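Input: one structure, supplied below.
Taken together, the values in this text are just the output of simple stated rules run on the coordinates, not laboratory data. Keep in mind that this is a model prediction, so the values were computed, not measured. Every residue, glycine as well, gets a Cβ built from its backbone with ideal geometry; the counts of neighbours run over all protein chains shown.
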Amino acid sequence: MSASPIVNNEEMERIIEQLPKINYFWNNYQLYQWEGFWSTLIILKAAMVFKATFKTKPNDVLLASSIKTGTTWLKSICIAIMQAGNKEEEEDLLVKDNPHFYVTTIETMDYYSKTLTDDLYTMPSPRLFHTHLPYRVLPDSIKNSDNCKIIYITRNPKDTLISVWHFFNNRKRLEDLTPLEVVVENFCKGVHLYGPFFEHVLEYWEESKKNPQKILFLKYEDLKIDPKKEVAKIALFLGKPFGNEEDLEIVLNKCSLERLKNLEVNKSGSLLSSMSIHNSAYFRKGIVGDWKNYMKPEMEEQIDKITKLKLQGSGLEL
Ligand code: PAP
């Protein structure tokens, strides 16, 4: 079933009242299931408005990802590529603020405060913005227009889940931590913020196969293995190919985890102060295979089984 455009609050509230709900990370978050995906109330409302009202402009670029699959890295790379070779632009934007500040995640904008939505509409082109929303709820204006390119990044589900687990358990007392067993079990049942995870990945994957000129599909692990190749691919896709190897290396160095993690703005700054999320929470280990340090063999088995089942026949390996 596809969502019909929703523009008025009353109708939105009526729809929300009837949605299935579930607790996520103990009772800290209540998730609502709309159009088959799970999200918080704030995200859900913003998603509805976004879907119903958003209009693309020429040269828009939408970055898309499930949570903890490389969003911050992709945002920084795109910011640095947009700035690359621009001699007049002396300041490095990444030193001044966190990548999430420059490339807004649309559905985390507070719909009722309007400010960020206004920012998006008045932002000069080429507009660069981001979403965690699944492909199915993107506005038709994005799906159907040649104006808007999409770059999607995904990651091995086990590392993704460990990253999610750390992020949501961050700042909690030991006795309040959600056990990994619970998180794994929910994940395998499809209960995951913006999830189910595999449907999220597969929808973008299938669309990218149909229209590779419009959707570039990336994997976090490929970026780790051959960052030069992947970053060159992103630059080309953005219509900003590197003139020389040196510019490419500058972008890579600017966006390295070590560098970003140690910038003052990311050590001490805070992006979503209302949710007390510190910039430092977006930079942890950034390694492939960290799941081995946390998952018991039965958890590994559980996730591998569902991964195999969901991805079979798709041509995608994670
Ligand atoms: P988000 O979905 O909340 O925006 P996202 O940036 O996708 O988060 O994921 C954070 C992960 O990317 C962290 O992984 P970890 O928990 O396994 O360590 C973080 O360390 C990693 N990360 C952030 N920036 C970079 C970077 N510049 N290079 C490599 N990995 C990075």
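Over the chain, what is the mean sequence separation of C-alpha contacts under 8 Å (at least six apart), divided by residue count, expressed as relative contact order in percent?
22 percent
Something else about it: Cut-off 10 angstrom, C-alpha nodes, Gaussian network model of the chain. Which of ASN279, ASN98, ASN169 fluctuates the most?
ASN169
Return the distance in nm (one decimal) between the two label points of a simple spin-label model at LEU41 and SER256, each offset 7 Å from Cα along Cα→Cβ.
Distance between label points: 4.5 nm.
Expected output is a single nm value to one decimal: the length gained when fully extending between ASN244 and GLU13, i.e. 0.36 nm times separation in residues minus the C-alpha distance. What is it?
Here the segment from ASN244 to GLU13 would lengthen by 77.8 nm.
Using the Kirkwood formula on the Cα atoms of the stretch 142-228, what hydrodynamic radius do you get, in angstrom to one decimal?
It works out to 15.0 Å.
OK, next. Could you bin all the Cα-Cα distances of the chain into 20 Å bins starting at 0 and give me the percent of pairs in each, rounded to whole numbers?
31, 62, 7
When only Cα pairs under 8 Å and 6 or more residues apart are kept, what is the percent relative contact order across the stretch 121-203?
Reported relative contact order: 38 percent.
Would you mind counting up the charge near SER314? Only other residues with Cβ under 10 Å from its Cβ, with Lys and Arg at +1 and Asp and Glu at -1.
Net local charge, SER314 excluded: 0.
Which of the pairs LYS57/LYS305; LYS45/LYS209; LYS210/LYS285; LYS21/LYS210; LYS57/LYS310; LYS55/LYS261 have their Cα atoms more than 32 Å apart in this structure?
Exceeds cut-off: LYS57/LYS305; LYS210/LYS285; LYS21/LYS210; LYS57/LYS310; LYS55/LYS261.
Between the stretch 142-172 and the stretch 196-261, how many Å separate their Cα centres?
13 Å
Any idea what the dipole of the stretch 196-263 comes to, in debye rounded to 20, about its Cα centre with Lys/Arg Cβ at +1 and Asp/Glu Cβ at -1?
That gives a dipole near 120 debye.
Please give the contour-minus-distance gain from ASP146 to ASP222: 0.36 nm per residue of separation, less the Cα-Cα distance, rounded to one decimal in nm.
24.7 nm
Can you give the longest stretch of the chain with no exposed loop site, where a site means trypsin sites (Lys or Arg not before Pro) in a DSSP loop (not H, G, I, E or B) with at most 13 other C-beta atoms within 10 Å?
190-284
Taking the Cα centre of the chain as the origin, how large is its charge dipole in debye, to the nearest 20, when only Lys and Arg (+1) and Asp and Glu (-1) carry charge on their Cβ atoms?
Taking the Cα centre of the chain as origin, the dipole is about 280 debye.
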